[in-house]
Each structure stands twice: as structure tokens, then as C-alpha cells.
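Every read-out reported here was derived from the displayed coordinates using simple, explicitly stated rules and does not represent laboratory data. In this text, all values refer to a predicted model and were calculated from it rather than measured experimentally. Positions of Cβ are generated from backbone atoms using ideal geometry, with glycine treated the same way; all protein chains shown enter the neighbour counts.
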Amino acid sequence: MFLRGRSAIVTGSTSGIGLAIATALAGEGAAVTINGFGDPQAVEASRASLTEASGAQARYDPADMSQPDEIAAMVQRTAAAQGGVDILVNNAGIQHVSPIESFPPEKYEAIIAINMSSAFYAIQAALAGMKAKGWGRIISTASAHSLVASPNKAAYVMAKHGIIGLTKTAALETARDGITVNAISPGYVWTPLVEAQIPDTMRARNMTREQVMNDVLLAAQPTKAFVTPEQVAALALFLCRDEASAITGANLSMDGGWTAA
Ligand code: NAD
């Protein structure tokens, strides 16, 4: 339980990768605040099981990651309730698949806000507390799309490339403060976000479900296997260890060889 006494926020953690990261942090004793949308009963069940796993009180914060003032308020509420914010995981994300010419402006703005700008505002709100303690871990879930593009995902590719610029800048600004700032870039992970983009891709490319799975999603992943949320969580957990204190400003790929090609 190497995170006993530590406090964490994981944005977008009511499902998928975020919930797996929250579970891993709680499993090592951290007090965790989860965030995101979802069925209230399911969210409460997750919160209760995180409390049980950790032994420290887990919280749920409903802040909307598209709203900078709500993000700052979430960080303040969490710091007050949990004795600071030692670990910040920027994970909330959405997707929309469309050619640039017909990309709906409201979807573009939402993806940039939720997938990229939210991390800036959360880091901005959390840094003073981390600096005061002389310890912090900031981890952002980026994507293989932080390194390479795919057609019809302009906003997502822009946001994920942007997260890496923020990661590098924040790492340099905190290099002497006991804080590390890194990104994890998974390939395709089997979560609701991936499942939800199958119908849009079927329409955009005029393909069957099987063709989307094999020829689009796993086409780029040489292992031909989805990454699991638990694998991403295990790397996030490692970044919280003292042994990882020299890793900062890094974009760590976990993509079954996708970006090696
Ligand atoms: P998911 O849909 O299971 O989870 C997304 C989470 O974000 C949910 O908890 C959702 O409620 C939350 N969320 C969405 N909009 C929000 C908002 N406005 N405010 C607060 N929370 C909000 O998806 P996932 O696959 O677990 O994705 C998590 C992260 O991992 C995203 O940043 C995604 O881009 C990234 N990622 C996913 C994959 C993949 O293949 N699944 C690959 C690489 C990167």
C-alpha cells in the first residue's frame, strides 16, 4: 500500500480506463476522487468499492470537464476533503468521427475542451498544493493519436497532440519541485469509448462492424489485440512510485507496436 496517505483525482473515471486507474490507486491505499457522468447508482457502487479497497474515503465529484470554473472548484473541494491533491490523472475524453468538412463545430469545441483544455485547468489548480508538499504526480491519458493521425478524427488528434505539449511544458516548469508530469499513450483499448465509435465509423467508411474491428481499429495495432484498461492502470501506478521520479515530460506508448510502424 505505497500510496497510503496520498490523495488522487482521476477525471473521467466513471468507466473505462479512468475507473481502472482509480481502482489501481485505491488498491495501493490512496484516497481517490472519481469524476465523470453515469448512472448515479453505478457511480455510487464504484465509489463504495474504491473506499473498501483503499481503506480511505473515496469521493465522487460531478464537475463537467468542459467548464474551467467547475474544474478549479473540483480541485479545491478535493484538496479540502482529502488533504491536498498529490496525484492528478487527466483522463476524461470523448470522441467524434467525421471528415473535417462536415465536422460539427460544437463537437470540435467539446473535444478540445474536454480532451485537452481540461488538463490545463486541472494542472493550473493543482500545482500550488503539490509544490507546497514538494511531491506530485500528474499523468494524462493521451493516445497513439498524440503521435500519429487517422482520417476523420481531426479534433481528437489535435487535442491529443496538444496534451503532449502541455505535459512537456508542465514537466519543465516543475522539474525541481518533486513533481513529475507524464502522458500515457495507449493504442486501442476495449472500453465504451471505442465501442461507441463503431457505428460512426461504419457510416463514415461504409463498412460492416467486423470490417471496422479488423480493418480499422486493430489494423494499426501489430499485436492484433486490444490494450486492456488494467494494463494502462498498471503503468499509471508505476509512475506514482519513487522509482519513477526520473521519468518526467515523457509520452509513454502502450499501443501493441502501432507507432513503431
Ligand atoms: P470512456 O468513455 O469509458 O470514459 C470516458 C470518461 O470520461 C467517462 O467517465 C465519462 O463520463 C467521462 N467524461 C466524458 N465527458 C466528460 C465531461 N465533460 N466531464 C467529466 N467527465 C467526462 O472512455 P475511455 O476509453 O476509458 O477513455 C478514457 C481516456 O482514454 C480518454 O481521454 C481517451 O481519449 C483515452 N484513450 C482511449 C483509448 C481507447 O482505445 N479506449 C485509446 C487511447 C486513449
Legend entry - Longest exposed-site-free window of the chain, the sites being trypsin sites (Lys or Arg not before Pro) in a DSSP loop that have at most 13 other C-beta atoms within 10 Å: 5-175
Legend entry - Radius 13 Å from Cβ of GLY84, net charge of other residues (Lys, Arg +1; Asp, Glu -1): +4
Inset, instruction - Name the residues whose placed amide hydrogens come within less than 5 Å of the amide hydrogen of ARG59, ignoring near sequence neighbours (fewer than 5 apart) on the same chain. - result: VAL32, THR33, ILE34
Inset, instruction - Would you grab the residues whose amide H sits under 5 Å from the one on GLY136? Only those 5+ places off in sequence or on another chain, please, with H modelled 1.01 Å from N. - result: ILE179, THR180
Legend entry - Formal net charge of residues neighbouring LEU218 (Cβ-Cβ distance under 14 Å; K, R +1; D, E -1): -2
Legend entry - FRET efficiency, ARG4 to ASP177 (Cβ-Cβ, R0 25 Å, nearest 0.05): 0.65
Legend entry - Per-residue Cβ neighbour rank within 10 angstrom, fewest leading, ASP61, ASP69: ASP69, ASP61
Legend entry - Rounded to 10°, Cα long-axis angle of helix 16-27 versus longest principal axis of the chain: 20 degrees
Legend entry - Residues THR14, THR259 arranged by fewest to most Cβ contacts within 10 Å: THR259, THR14
Legend entry - Which of GLU101, GLU28, GLU230 has the fewest Cβ neighbours within 10 Å, and the rest in rising order: GLU101, GLU230, GLU28
Legend entry - Residue-wise HN-Hα coupling along region 138-143, computed from phi with Karplus coefficients 6.51, -1.76, 1.60 (Hz; x: Gly, Pro): 10, 10, 10, 7, 8, 4
Legend entry - Theoretical gain in end-to-end length, GLU109 to GLN124 [0.36 nm per residue, Cα-Cα removed]: 3.4 nm
Inset, instruction - Would you tally the net charge around GLY5, using a Cβ to Cβ cut-off of less than 15 Å, leaving GLY5 out, and scoring K and R as +1, D and E as -1? - result: +2
Inset, instruction - Please identify, among ALA149, ALA45, ALA159, the residue showing maximal mean-square fluctuation in a Gaussian network model of the chain using a 10 angstrom Cα cutoff. - result: ALA45
Legend entry - Cross-link pairs beyond the 31 Å C-alpha cut-off, checked among LYS133/LYS168; LYS133/LYS160; LYS160/LYS224; LYS131/LYS153; LYS131/LYS224: LYS131/LYS153; LYS131/LYS224
